[in-house]
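Values in this text are rule-based calculations from the coordinates and carry no lab data. All values reported here derive from a predicted model rather than from experimental measurement. Positions of Cβ are generated from backbone atoms using ideal geometry, with glycine treated the same way; all protein chains shown enter the neighbour counts.
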């Protein structure tokens with residue numbers, strides 16, 4: 001791991017110039033990440049507030065009222081939609097969150113970093129390693145801690161192997177916005193892309209490993225409203241009332257099929273048309289961008305916080321915290337988030353640099369990547385969802401892993417804050433110099449090539 005400010009090592013003859021990892025992106029990309037960062041910062045703050053309110057209520061003398069509210073059943077039983085409010089939040093509102101994630105992923109694959117195979121290799125490798133290693137560490141840790149338990153008990157514990165695999169994009173970007181005001185946009189773009197790929201892997205895991213039975217008839221029926229959604233958007237019809245009809249039908253059919261209904265959100269997002277030519281033009285706004293801008297405030301400001309409110313309310317008074325510390329699943333979650341995510345993301349990034357001709361951008365340090373890898377251990381929304389799917393909403397073990405997710409995420413956020421705040425001081429000076437180079441067009445010269453003239 002070399003010093004980024006040392007001389008660039010010479011390449012072997014005939015190998016050509018090295019590809020730069022985490023290099024500066026386009027000015028449009030920098031502006032997009034900055035705007036998104038502001039949105040996610042607000043969403044992260046609301047999300048944190050919702051989680052705190054839930055924790056306080058669940059540990060107050062009125063905790064029974066919280067449980068009663070969460071378990072209140074509403075909806076038509078004839079359509080098998082008589083669900084508790086907590087389930088509506090997990091199955092319904094989170095589908096909106098994954099709809100936004102699907103649109104982001106589609107834009108990244110068509111017009112973003114993931115459209116370039118060389119650039120895509122880094123976040124994909126880091127995301128995959130950041131999923132595999134936490135899962136393995138969860139299995140190893142839970143097995144070691146539960147020594148003496150029966151095989152059936154261990155099998156039940158290991159159902160939670162996917163809990164520490166997901167990075168919460170809202171919380172992670174909110175933390176980065178607070179502690180990394182001067183960090184390069186390349187790091188923020190990397191975290192954003194990493195989290196988007198992470199979400200795709202997470203929803204794939206949910207569909208494949210947390211679906212007990214599948215009704216193929218209902219799943220096939222979902223193709224019709226999905227096709228109608230795609231057709232409306234292809235014809236530039238963006239009326240919210242019209243789009244809501246196929247979206248709700250697709251959600252209902254996927255829910256009835258036995259696959260978790262949030263999968264419908266991702267499918268709807270991936271079906272949104274993306275025009276690369278329009279996406280690359282900084283003066284135009286694509287259909288996908290406009291649709292995402294409409295949905296994101298509802299997702300970040302309401303859907304995800306409401307889910308957090310119903311999912312984060314775990315009772316720790318009366319011995320709940322001590323019981324969680326003794327639960328192998330909870331210990332595995334903390335180890336997976338804090339250690340597994342860090343080593344996985346950092347190791348995946350290093351592997352790309354080691355086994356390709358790529359080198360870390362000269363303006364960055366491996367310490368930056370280390371801090372960002374720690375921050376990837378902030379898991380919340382998807383981790384809580386997987387915990388509920390693995391152990392059952394409101395079960396004792398589900399409460400234990402919820403507490404573990406909160407503690408592991410807090411540890412990861414604090415450790416990353418220490419590292420990234422040190423780097424933030426360094427980049428404050430660099431940013432001041434670049435701002436001085438900004439000319440009359442409002443675009444820093446560093447985004448206009450080596451010869452701004």
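To the nearest 0.05, how large is the calculated FRET efficiency for residue 410 and residue 53 if R₀ is 22 Å and r is the Cβ-Cβ distance? Mind dumping the intermediate values first?
Numbers: r = 17 Å, r/R0 = 0.76.
Rounded to the nearest 0.05, the efficiency is 0.85.
Can you sort 349, 204 by how many other beta carbons sit within 10 Å, fewest first?
Ordered from fewest to most neighbouring Cβ atoms within 10 Å, 349, 204 come out as 204, 349.
Label-point separation (nm) for residue 224 and residue 285, each offset 7 Å from Cα along Cα-to-Cβ?
In this crude label model, residue 224 to residue 285 measures out at 3.5 nm.
With 10 angstrom as the radius, rank 370, 190, 310, 298 by how many other C-beta atoms surround their C-beta, starting from the fewest.
Values: 370 20, 190 27, 310 24, 298 15.
Final ranking by Cβ density, sparse to dense: 298, 370, 310, 190.
Label-point separation (nm) for residue 244 and residue 275, each offset 7 Å from Cα along Cα-to-Cβ?
2.8
Modelling each spin label as a point 7 Å along the Cα-to-Cβ direction, I'd like the residue 367/residue 155 distance in nm, to one decimal.
The answer from the label model is 5.0 nm.
By how many nm would the segment from residue 418 to residue 354 grow when fully extended, if each residue of separation counts as 0.36 nm and the alpha-carbon distance is taken off? Don't jump to the answer; show the numbers that get you there.
Working: separation 64, 0.36 × 64 = 23.04 nm, distance 2.70 nm.
In short, 20.3 nm is gained.
Quote the FRET efficiency, to the nearest 0.05, computed for residue 68 versus residue 209 with a Förster distance R0 of 25 Å and r equal to the Cβ-Cβ distance.
For residue 68 and residue 209, the calculated efficiency is 0.20.
Compute the length gained on full extension between residue 323 and residue 217: take 0.36 nm times their separation in residues and subtract their Cα-Cα distance, giving the result in nm to one decimal.
33.8 nm
If neighbour count is taken as other Cβ atoms inside 10 Å, put 429, 154, 267 in order from fewest to most.
On the way: 429 9, 154 16, 267 22.
Ordered from fewest to most neighbouring Cβ atoms within 10 Å, 429, 154, 267 come out as 429, 154, 267.
If the chain between residue 182 and residue 115 were fully stretched, how many nm would it gain, using 0.36 nm times the residue separation less the Cα-Cα distance?
On the way: separation 67, 0.36 × 67 = 24.12 nm, distance 2.71 nm.
Contour length minus Cα-Cα distance gives 21.4 nm.
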